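Engineer: To start, I am sharing the structure in question, which I have written as structure tokens.
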Amino acid sequence: MRITLLTYGSRGDVQPFVALARRLIERGHKIKLAGPHRFAGFAGEHSVPFIPLAGDPGEISRRFNDAGTNSLRMVAKMQDYVQSIAGEVARSAFAACEEADLIVHSFLFTTGAHSLARRMGIPDVSAQLFPMFLPTTEFPNVAVPGMPPGPLSYFTHWMANQIFWYGGKSSYKRLRKQDPGIFPVKLYWPFKESAIRSRTPVLGAWSPSVLPRPHDWQADAIHITGYWFLDSGEGYQPPAELADFLAAGEPPVCITFGSMIHRQADRIALDVMTAISKVGVRAVVLTGWQAWNVEPRENVLFLGDAAHAWLFPRCKLVVHHGGAGTTAAVLRAGVPSIVVPFAGDQLFWARRLHALGVAPVPIRVKELSVQRLEEALLEAGDSAISRRAELLGGKIEGEDGAGQAAAFIENHAGRRRIL
């Protein structure tokens, strides 16, 4: 079967799709993965055929962080930039789907890829790294994680769907006027049952041990597979400076904010370094996409990046932003978290980790201070939190999310030829 996977965003948005692509290739399918051009080399390292897409995920990250957790502000902040690259992205992404028998699409491709699949007469699958498009009373939409369960919680999902659908339709009309040859004639909502086509199923790429299925989700609407991990880190060769640092003392704290780009980066870096110094722990700082403008410190190692699957189990705990990919890696490692959410779904996952007892109360990035981080570092070192993190990590390690997703995609294609 020829399958095209479409994703866009940071490494946390792309790496799970590389993991899924590898599983599908191993099962004999012909795969194309379309994603931001900066990840072409990463996909190539894992022998995944890659279609590069235009645009800079770093710019999206900056605007994303400026918006915080406000859905309307998020749409407004990103709309201009998304509009500027949408035509070129769509042209490349849709070209990657030309010979496909099935399309798997992530959050930003939800309506466009589904509409293309309808025009082509092939099935599609929505793959989500956080719970979207399926209203429930048990927890709110990720954009408003503080809302209590109940009818208002259900309403937040409904409202988010309306914003996504009508905002997308408005942008689509403008784009179609600019270049009517690129886009399908009509835009369709994937999650509505009709006489001629079943609703598009959703693959939830998270662990049911972290976020169980709500009682009010239809059985065939979403399939929670477990996280999609690329590898275990066993074959990773760490740089000599990292291996030497780990061997020189007790397990360090790891600090990583991944692809987050924040206008107050210098203030954040100084607060983190001061808290680390006051508590007296060793630290590995993965700088990611954001420069850390601080003086070198004793017992602190700065690296651009390192394999999470290899590094995190060797750390005492991890201070991170709560992105879906980093959260998954920390949980599988079985170590405690301190979550400093920046924007989007990150506060939602931060609250989940605290509710599961594997992290202190999250510290929003705008509320980060030396004192609060110092207190969280001391709390996260508690043996009870460590035991709970280890137990949860064992459950997640036993799951095969990418394999479950690949099997579902095969079954879905075999059962339905949708018009």
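Derivation of every value follows stated rules applied to the coordinates shown; laboratory data play no part. Keep in mind that this is a model prediction, so the values were computed, not measured. Reconstructed Cβ throughout: ideal geometry from the backbone, glycine too, with neighbour counts over all protein chains shown.
Engineer: Mind giving me the nanometre distance, one decimal, between the label points for LYS366 and SER171, set 7 Å out from Cα along Cα→Cβ?
Structural biologist: 2.3
Engineer: Lys and Arg at +1, Asp and Glu at -1: add these up for the other residues within a Cβ distance under 14 Å of SER207 and post the number. Walk me through the intermediate numbers first.
Structural biologist: Details: positive: ARG213, ARG332, ARG352, LYS395; negative: GLU397, GLU399, ASP400.
That works out to +1.
Engineer: Still on this model: With springs only between Cα atoms under 10 Å apart, run a GNM on the chain and tell me which of HIS157, HIS46, HIS320 wobbles the most.
Structural biologist: Its mean-square fluctuation being the largest, the pick is HIS46.
Engineer: Another one. Measuring from centroid to centroid over Cα atoms, what is the spacing of the range 339-372 and the range 213-231 in Å?
Structural biologist: Each part reduced to its Cα centre gives a spacing of 24 Å.
Engineer: If you don't mind, there's one more thing I want to ask. Can you give me the three principal axis dimensions of the range 133-286 from its C-alpha atoms, in Å, biggest first?
Structural biologist: 65, 44, 35
Engineer: In 10 Å bins starting at zero, report the fraction of Cα pairs in the range 240-397 per bin as a rounded %.
Structural biologist: Going out from 0 Å in 10 Å bins, the range 240-397 shows 11, 45, 38, 6 percent.
Engineer: Looking at the chain as a GNM with Cα springs under 10 Å, which of GLU99, GLU295, GLU399 has the largest mean-square fluctuation?
Structural biologist: With Cα springs under 10 Å in the chain, the top fluctuation among GLU99, GLU295, GLU399 is at GLU295.
Engineer: I would also like to ask the following. Going by Cβ distance under 4.7 Å, what cysteines of the chain have no possible disulfide partner?
Structural biologist: CYS97
Engineer: Further question on the same structure: Explain nothing, just the number: relative contact order of the range 240-397, from Cα pairs under 8 Å at least 6 residues apart, as a whole percent. List each step's numbers first, then the result.
Structural biologist: Details: 281 pairs, mean separation 35.6, N = 158.
Once divided by the residue count of the range 240-397, the mean separation gives 23 percent.
Engineer: Another one. Most mobile of PRO214, PRO360, PRO140 per a Gaussian network model of the chain (Cα springs, under 10 Å)?
Structural biologist: Highest fluctuation among the options: PRO214.
Engineer: Let me ask another. Report the Cα-based extents of the chain along its three principal axes, largest first, to the nearest Å.
Structural biologist: The Cα atoms of the chain stretch 63, 44, 41 Å along the principal axes, largest first.
Engineer: Can you compute the helix-only [θ] at 222 nm over the chain? Use -39500 (n - 2.57) per DSSP H run of at least 4 residues, normalise by all residues, nearest 500 deg cm²/dmol. Display every interim value, and only then the final one.
Structural biologist: Details: 14 runs with 186 residues, N = 419.
Counting only the DSSP helices, I get -14000 deg cm²/dmol.
Engineer: Sticking with this one: Could you check the simple spin-label distance between ASN411 and TRP158, using points 7 Å along Cα→Cβ, in nm with one decimal?
Structural biologist: Rounded to a tenth, the inter-label distance reads 3.2 nm.
Engineer: Given Cα pairs under 8 Å that are at least 6 residues apart, what percent is the relative contact order of the range 192-287?
Structural biologist: Numbers: 68 pairs, mean separation 22.1, N = 96.
Computed value for the range 192-287: 23 percent relative contact order.
Engineer: Give me the distance between the Cα centres of the range 111-178 and the range 291-337, rounded to whole Å.
Structural biologist: 31
Engineer: Continuing with the same structure: Checking the table LYS32/LYS169; LYS30/LYS169; LYS316/LYS395; LYS30/LYS173; LYS32/LYS173; LYS32/LYS366 against a 30 Å threshold on Cα-Cα, which pairs fail?
Structural biologist: Exceeds cut-off: LYS30/LYS169; LYS30/LYS173; LYS32/LYS366.
Engineer: May I pose another question? Name the residue from ILE85, ALA143, VAL48 whose Cα lies farthest towards the positive end of the charge dipole of the chain, charges +1 on Cβ of Lys and Arg and -1 on Cβ of Asp and Glu.
Structural biologist: ILE85
Engineer: If one takes the longest principal axis of the Cα atoms in the chain, at what angle in degrees, from 0 to 90 and to the nearest 10, does the Cα axis of helix 383-397 lie?
Structural biologist: 30
Engineer: Excluding GLY334 itself, what net charge comes from residues whose Cβ is under 9 Å from its Cβ, given Lys and Arg +1 and Asp and Glu -1?
Structural biologist: Combined, the nearby Lys, Arg, Asp and Glu give -1.
Engineer: Here is a further query. Sort 296-308, 102-114, 33-45 by the packing proxy (mean of other Cβ within 10 Å over each peptide's residues), most packed first.
Structural biologist: 102-114, 33-45, 296-308
Engineer: Okay, moving on. Within the set of other residues whose C-beta is less than 10 Å from the C-beta of PRO360, count the net charge using Lys and Arg as +1 and Asp and Glu as -1.
Structural biologist: Charge balance in the 10 Å sphere: -2.
Engineer: Something else about it: Any idea how far apart GLU295 and SER92 come out in nm if each label point goes 7 Å out from Cα toward Cβ?
Structural biologist: Computed distance between label sites GLU295 and SER92 equals 4.3 nm.
Engineer: Over the chain, what relative contact order in percent results from Cα pairs under 8 Å that are six or more residues apart?
Structural biologist: 17
Engineer: Turning to a different aspect of this structure: Output the peptides 245-253, 311-319 sorted from most to least packed, where packing is the average of other Cβ atoms within 10 Å over each peptide's residues.
Structural biologist: Top of the packing list down: 311-319, 245-253.
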